[in-house]
Amino acid sequence: MTAYSLGPLLYEGKAKRVYATDQPDLVAVEFKDDATAFNAEKRACLAGKGERNCRISALVFEWLEGRGVSTHYLGVEGDRWMLVRPVKVVPIEVVVRNVAAGSLCRQLPIAPGTPLDPPLLDLYYKHDALGDPLLTEARLERLQLVSSGQLQAISELAMAVNRGLRELFGSVDLELVDFKIELGFAADGRLLLADEISPDTCRLWDRRISDQSDRILDKDRFRQDLGGVVEAYGEVLKRVQGVCAQPRVYR
Ligand code: ADP
Ligand code: MG
């Protein structure tokens, strides 16, 4: 891996900043401590969150790469920086649900905690101003966001990610309730898993705890004002570190 220097800020989102580098095939992602929920109506700064999410995400990407999932991940630098391949992000938030929770239970008569087997795949249009609306196959076709072949590839990748994540988290007594991923196309046309995988984007329940609030180790602690958000993310990191090596350092 070659040394690089940081270029201009390309995009500042709710949880990360994306910078260009002097290399066209490399972008740098900085994980922020900012927390948002309910489409950024609720905001806070949680010291240490960025660091933990960066570490968890790096270890998860490496785990998935080891199981044949292609990702944008190249390595970490320092505590909160990740180097990745630039992709053209598909404006679809891909959600896989193994257990009913969150918006699913508000929108459909399904009780929270109901197992979903086979897992439920939900696609949402990544569009903050519209509140990330649910997509149907007909809406997808109308918007022409992806071809049917690409949609097939996206679904298969999401299910492969689910299998890999359930294996990883399950091995350390974390129940993967659901998660959101973003995918993108690299310069060579390959579909890659992009963005992040962290307690900001996954629901994780501690199987060692039965209390329904105490077992929550993800962003629902922030959404529901349960406190101990950073501590919970730290617990997820500690468990994942127990089965993964240190993330590889870029340069
Ligand atoms: P948002 O507020 O849109 O969720 P984030 O704070 O999560 O933004 O910042 C990350 C942004 O970078 C997202 O818009 C995401 O789609 C985008 N992104 C993630 N991975 C890549 C990548 N490899 N190349 C380019 N953009 C990416
Ligand atoms: Mg995001």
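Observations on the structure shown:
- Heavy atoms of the protein chains alone define the surface here; on that basis segment 1-114 has 45 Å² accessible area per residue at 1.4 Å probe size.
- Each semi-axis of the equivalent ellipsoid for the chain is √(5λ) with λ an eigenvalue of the Cα gyration tensor; in descending order they amount to 26, 23, 18 Å.
- Estimated from helical segments only, the mean residue ellipticity of the chain at 222 nm is -8500 deg cm²/dmol, where each DSSP H run of four or more residues counts as -39500 (n - 2.57).
- The spacing between segment 1-45 and segment 122-179, judged by their C-alpha centroids, is 22 Å.
- Extension gain (nm, one decimal) between Lys238 and Arg190, 0.36 nm per residue minus Cα-Cα: 14.0 nm
- Nitroxide proxy distance, nm - points 7 Å out along Cα→Cβ at Asn39 and Leu143: 1.3 nm
- Summed side-chain charge close to Glu196 - residues other than Glu196 whose Cβ falls under 10 Å, Lys, Arg +1, Asp, Glu -1: -1
- Relative contact order of the chain, taken over Cα pairs closer than 8 Å and 6 or more residues apart, is 21 percent.
- Computed over neighbours whose Cβ is under 13 Å from that of Thr136, the net charge equals -1, Lys and Arg +1, Asp and Glu -1.
- Per DSSP, loop GluC sites (Glu not before Pro) in segment 8-79 with at most 15 further Cβ within 10 Å: Glu41
- Diffusion coefficient, µm² s⁻¹, Stokes-Einstein with Kirkwood Rh over alpha-carbon pairs of segment 90-180 at 20 °C and 1.002 mPa s: 151 µm²/s
- Rg followed by Dmax, in Å, when segment 163-251 is reduced to its Cα trace: 14.7, 48
- For segment 1-96, dividing the convex hull volume of the Cα atoms by the residue count gives 126 Å³ per residue.
- Carbon and sulfur %, accessible surface of the chain computed with the full protein complex present, 1.4 Å: 50 percent
- The reciprocal of the average 1/r between distinct C-alpha atoms defines the Kirkwood hydrodynamic radius, which for segment 103-244 equals 16.9 Å.
- If you bin all the Cα-Cα distances of segment 38-143 at 10 Å, starting from zero, the percentages per bin are 11, 27, 41, 19, 1.
The values are calculated or read from the model by the stated rules, or taken from the named source; none is laboratory data. Nothing here was measured: the structure is a model prediction, and the numbers come from that model. Every residue, glycine among them, receives a Cβ derived from its backbone with ideal geometry; neighbour counts consider all protein chains shown. These area figures cover heavy atoms from the full protein model, side chains too; ligands, DNA and RNA do not enter into them. Shrake-Rupley method; radii C 1.70, N 1.55, O 1.52, S 1.80 Å.
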